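These notes are about the structure you will find just below.
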Amino acid sequence: MGVRVVAAGDGRELYVFTHSHGMRGKDLLDELKELGLSGHVQINGERMTRSFPLCDGAVCVFVEERLQDSTWFLRHNTLPSSASTLSNSNPLMKTHLGTDDPIYDLSRTSASAAPLVLAAPPFADYVQGLKSHVLDALDWNFVGRTVQEMSPFLDTGDMRKLSFYRILQGYLLAKFPATVVQVTPSTPGPNADIKIEVLIRGAWILVCLVEVKPEVGLNGEPCVQVMNAYAKVTIQSRSRYEWQFFCSCFPVLIVELAGPNIRVGGACHFDKPAHEPFTPFLHMLKFLRDDRHLGILSKALASISLAIGSMVRFYDRVGTAAAAQGAAARTRDVSVNWPHHVALQKSSGATVVQLERRFSASQLALMQVGRAQQLVFHIKRPGGAQRVVKFCQRYGKEVHRLWHEAGYAPGFQHQLLQDGDWVVIDMECLAEGDGWRPLHALDPRLAVIGDADANMYRLNASEWDTCKRAVRLALRNVQQMHSTTVHGDMRRQNILWNVDGRVAFVDFDWAGISGRDCYPLFINPVNVWPPGVTGAAVMLSQHDVQLLDLELGP
């Protein structure tokens, strides 16, 4: 018979220990811990001690302890369940979704993790599809029917929902004949209007949520309401210890339909739910014949099936990995918050550390920055090689190459990611152990009273003068060799000095050609910039010298 362990509340059987002879409470608790179950056990209504002797046929009740991996779950449970209440209350919405408004502002400075196109391959596939997807006959039929039936005014949201549900169901069943796909309209409660699930490894996996409104501005905000539904799903999946939540960022495609307008985006759960739109709202008015708009709309619609197919492959890989991990799959690894490219390296045995910026509380408040983490990672591969990997949408790789060949920048490789907008820079690591120090760690003017770590490498006045001369000489030399190049961000944290006197410049994100390329549209207002350096201004080589003088002082 063995010893049975059942869950408190619903009485479902969790495990049976068939070899129970001589078993004590300690043995059972240790076994449950190995299975990833965190909590305590009751027997005969009393909490079982570790020394309690267990006999054959005993039934133990497992009481799960609340997971504490994110305060979002605690806040969420105190909120009203009505999506309409949330959509009409900004304070409630911010409490529900996070104080940094992930629904409206998912970026490197405000989000808790990577942009969604980096976090999950299906989202990258969707964005790539917006640019290059070639539609087949099924796709064109789906586009045509959607435009035809969504264009007219419909009296109720239910009419629009039912119409789109039928079109979408027929399209997906035809596109995926070998995959078990389930398209379901909503049931009462805080649910999305349509959900799409696929059967993977014996489990129904959510891959898409659709929210439908009769017209723009009627019956609530679709984005808030569909994210409320997504949040409910993550709560449920987490409480059931489902592998799709614990072994991934839980990506789900999000479709908003408001009258004859559609927008497609994605949702993930990092430390809380986050949403990112991949398209603007696109109208589906059949009487406005605009070939350019129709080209954009057709790719946006047809790429839905492209992303769902990618979701199937993604979750199949995740499920396979979860099965291999066993009980470890019940604990969320920090790598689910990282770009997929880096998470794969960690799963291959590399040691990965995400780097952080150091800001004061006043800087964080002024910049309205919710976190200090960067899309920059230190990676130590199994063979011992150390690299710095960063993700950016703009990078002056040609300038970096020229400065590296001149001896004033680390070596690097670059790779264009599948979505076409993000670049991976895999760079030589100039490590502290090899004598390299960033200038902001050396500048004696930045000494922090009582902070030994911050002052570890501070130079005295004479040493600092020597360092400054070496840095100015390095910039002068490289500008003489490549006079038309501009680094663009000559701040102390982007300059490294070695104890042997060498100098290296890093972070060529903005780098370009003097008089031709421009600075980014948004430039940090906290920093003091030279005259002429503003958002979208033309870059000049003299700006590097001027900014360096501001940073180093006399």
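The values are calculated or read from the model by the stated rules, or taken from the named source; none is laboratory data. Since this is a predicted model, take the numbers as computed values, not measurements. Heads up, the Cβs are rebuilt from the backbone with ideal geometry, glycines too, and the neighbour counts pull from every protein chain shown.
Name the one entry in E211, E221 that is closer than 25 Å to P121 by Cα and either at pLDDT 90 or above or surrounded by 19 or more Cβ atoms within 10 Å (Cβ to Cβ) (or both).
Values: E221 fails: closer than 25 Å to P121 by Cα.
After ruling out the rest, the residue left standing is E211.
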Check your understanding: Got at least one residue in the range 487-495 being basic (K, R) and in contact (Cβ under 8 Å) with a residue 40 or more places away in the chain?
Key -> yes
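Mind checking whether some residue in the range 353-371 is surrounded by 16 or more Cβ atoms within 10 Å (Cβ to Cβ), at pLDDT below 80, small (G, A, S) and in the same structural domain as Q480 (by TED's automatic domain parsing)? Let's see the steps before the verdict.
Keep residues of the range 353-371 that are surrounded by 16 or more Cβ atoms within 10 Å (Cβ to Cβ), which gives 354, 364, 369-371.
Subsequent filtering for residues that are at pLDDT below 80 retains 364, 369-371.
Adding the requirement that they be small (G, A, S) leaves 370.
Cutting the leftovers down to in the same structural domain as Q480 (by TED's automatic domain parsing) gives us 370.
Yes, some residue in the range 353-371 is surrounded by 16 or more Cβ atoms within 10 Å (Cβ to Cβ), at pLDDT below 80, small (G, A, S) and in the same structural domain as Q480 (by TED's automatic domain parsing).
Given the criteria more than 20 Å from K397 (Cα to Cα), assigned by TED's automatic domain parsing to the domain that holds D434 and among the aliphatic types (A, V, I, L, M), does V533 qualify? It would help to see each step written out before you state the result.
Working: more than 20 Å from K397 (Cα to Cα): yes; assigned by TED's automatic domain parsing to the domain that holds D434: yes; among the aliphatic types (A, V, I, L, M): yes.
Taking the combined requirement at face value, the residue satisfies it.
Restricting to the range 519-544, count the residues that are on the phi > 0 side of the Ramachandran plot and over 32 Å from the mean Cα position of the chain (by Cα). Working first, answer last.
Going through the range 519-544, the residues on the phi > 0 side of the Ramachandran plot turn out to be 532, 536.
Imposing the further condition that a residue be over 32 Å from the mean Cα position of the chain (by Cα) reduces the set to 532.
Residues meeting the conditions: 1.
Residues are listed down the side, and each one gets a yes or a no for (1) of a type in the set (F, W, Y); (2) touching a helix residue (DSSP H, G or I) at 6+ places or on another chain (Cβ under 8 Å):
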residue	(1), (2)
I425	no, yes
E428	no, no
G433	no, no
Y457	yes, yes
Practice item. Could you check how many residues of the range 274-321 are within 24 Å of the chain's Cα centre (by Cα) and more than 21 Å from V207 (Cβ to Cβ)? Key: 2
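Considering only residues of the range 23-48 that are assigned to a loop (DSSP other than H, G, I, E, B) and modelled with pLDDT of 80 or more, which is nearest to R238 (Cα to Cα)?
Step one: list which residues in the range 23-48 are assigned to a loop (DSSP other than H, G, I, E, B), which gives 23, 35-38, 44-45, 48.
Going one step further and asking which of them are modelled with pLDDT of 80 or more, we end up with 23, 44, 48.
On the way: M23: 31, N44: 29, M48: 26 Å.
Of everything passing the filter in the range 23-48, M48 is nearest to R238 (Cα to Cα).
Can you find even one residue in the range 129-147 that is under 15 Å from L253 (Cα atoms) and buried (at least 21 other Cβ atoms within 10 Å of the Cβ)?
yes
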Check your understanding: Quick one: which of P280, P260 is at pLDDT 90 or above and touching a Leu at 6+ places or on another chain (Cβ under 6 Å)?
Key -> P260
Check your understanding: Being crowded, with 18+ Cβ neighbours inside 10 Å, modelled with pLDDT of 90 or more and within 28 Å of L173 (Cβ to Cβ), is that true of even one residue in the range 339-346?
Key -> no
Point to revise | Answer from D489, D517 - the residue that is of a type in the set (D, E), within 23 Å of A441 (Cβ to Cβ) and in the same structural domain as Q393 (by TED's automatic domain parsing) | key: D489
